[in-house]
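Quick notes on the structure that follows.
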Amino acid sequence: MQWVKIFSSEAEARERLKDRVLQLLVVHGKRICLAQHQHTFFAVQDACSHNSESLSKGAVNFMGEVVCPWHNYRFDLRTGRECSSRSADLKTYPVKADDSGFYIGIY
Ligand code: FES
């Protein structure tokens with residue numbers, strides 16, 4: 001796994017990505033949906049496992065699930081699991097912050 005710096009600090013990440021707002025990232029050719037929910041950051045594959053819609057065009061609900069804008073399938077941001085077991089789980093990516101910046105783990 002390779003850690004890729006995406007913000008200069010955790011403070012910048014919080015300023016640029018508000019709670020329950022989704023952001024598309026393209027890192028090393030991978031399309032990733034970045035989210036913040038209840039002060040925690042999550043990253044999952046951007047392509048919905050049902051029919052490949054961009055999840056970053058969707059929404060985050062109060063339970064910390066990303067809701068696909070096309071057919072409203074819901075995925076747990078922590079695990080990537082589709083909440084009704086109708087389609088495959090999403091790939092998840094770790095994030096971390098330290099004194100040198102805010103990073104996403106790409107593999
Ligand atoms: S494409 Fe996402 S729920 Fe159908």
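The values are calculated or read from the model by the stated rules, or taken from the named source; none is laboratory data. Please read all numbers here as calculations on a predicted model, not as lab measurements. Every residue, glycine as well, gets a Cβ built from its backbone with ideal geometry; the counts of neighbours run over all protein chains shown.
Somewhere in segment 80-95, is a residue of a type in the set (Ser, Thr, Tyr) and surrounded by 17 or more Cβ atoms within 10 Å (Cβ to Cβ)? Steps first, answer last, please.
Taking segment 80-95 first, the residues of a type in the set (Ser, Thr, Tyr) are 84-85, 87, 92-93.
Adding the requirement that they be surrounded by 17 or more Cβ atoms within 10 Å (Cβ to Cβ) leaves 92-93.
Scanning segment 80-95, I find at least one residue that is of a type in the set (Ser, Thr, Tyr) and surrounded by 17 or more Cβ atoms within 10 Å (Cβ to Cβ), so the answer is yes.
With respect to the conditions (1) modelled with pLDDT under 95; (2) within 14 Å of the ligand (Cβ to nearest atom), residue 49 falls short on a single one, namely (1).
Take residue 32 and decide whether it is more than 10 Å from the chain's Cα centre (by Cα) and among the β-branched types (Val, Ile, Thr). Considered against the rule, which asks whether it is more than 10 Å from the chain's Cα centre (by Cα) and among the β-branched types (Val, Ile, Thr), residue 32 comes out as no.
Cβ-Cβ contacts under 6 Å between residues 6 or more apart (or on different chains), taken from a first residue in segment 74-87 that is under 15 Å from residue 47 (Cα atoms) to a second residue that is within 14 Å of the ligand (Cβ to nearest atom) and not in a strand (DSSP E or B), are listed as 74/83; 75/90; 80/89; 80/90; 81/89; 82/73; 87/49; 87/50. Filtered by the rule that a residue be assigned to a strand (DSSP E or B) and either over 11 Å from the mean Cα position of the chain (by Cα) or within 14 Å of the ligand (Cβ to nearest atom) (or both), segment 58-82 gives 59, 65, 66, 67, 74, 75, 82.
For segment 32-39, state whether one or more residues are in contact with a Leu (Cβ under 8 Å, 6 or more places away or on another chain) and either within 15 Å of the ligand (Cβ to nearest atom) or part of a loop (DSSP other than H, G, I, E, B) (or both). Yes; the residues of segment 32-39 include at least one that is in contact with a Leu (Cβ under 8 Å, 6 or more places away or on another chain) and either within 15 Å of the ligand (Cβ to nearest atom) or part of a loop (DSSP other than H, G, I, E, B) (or both).
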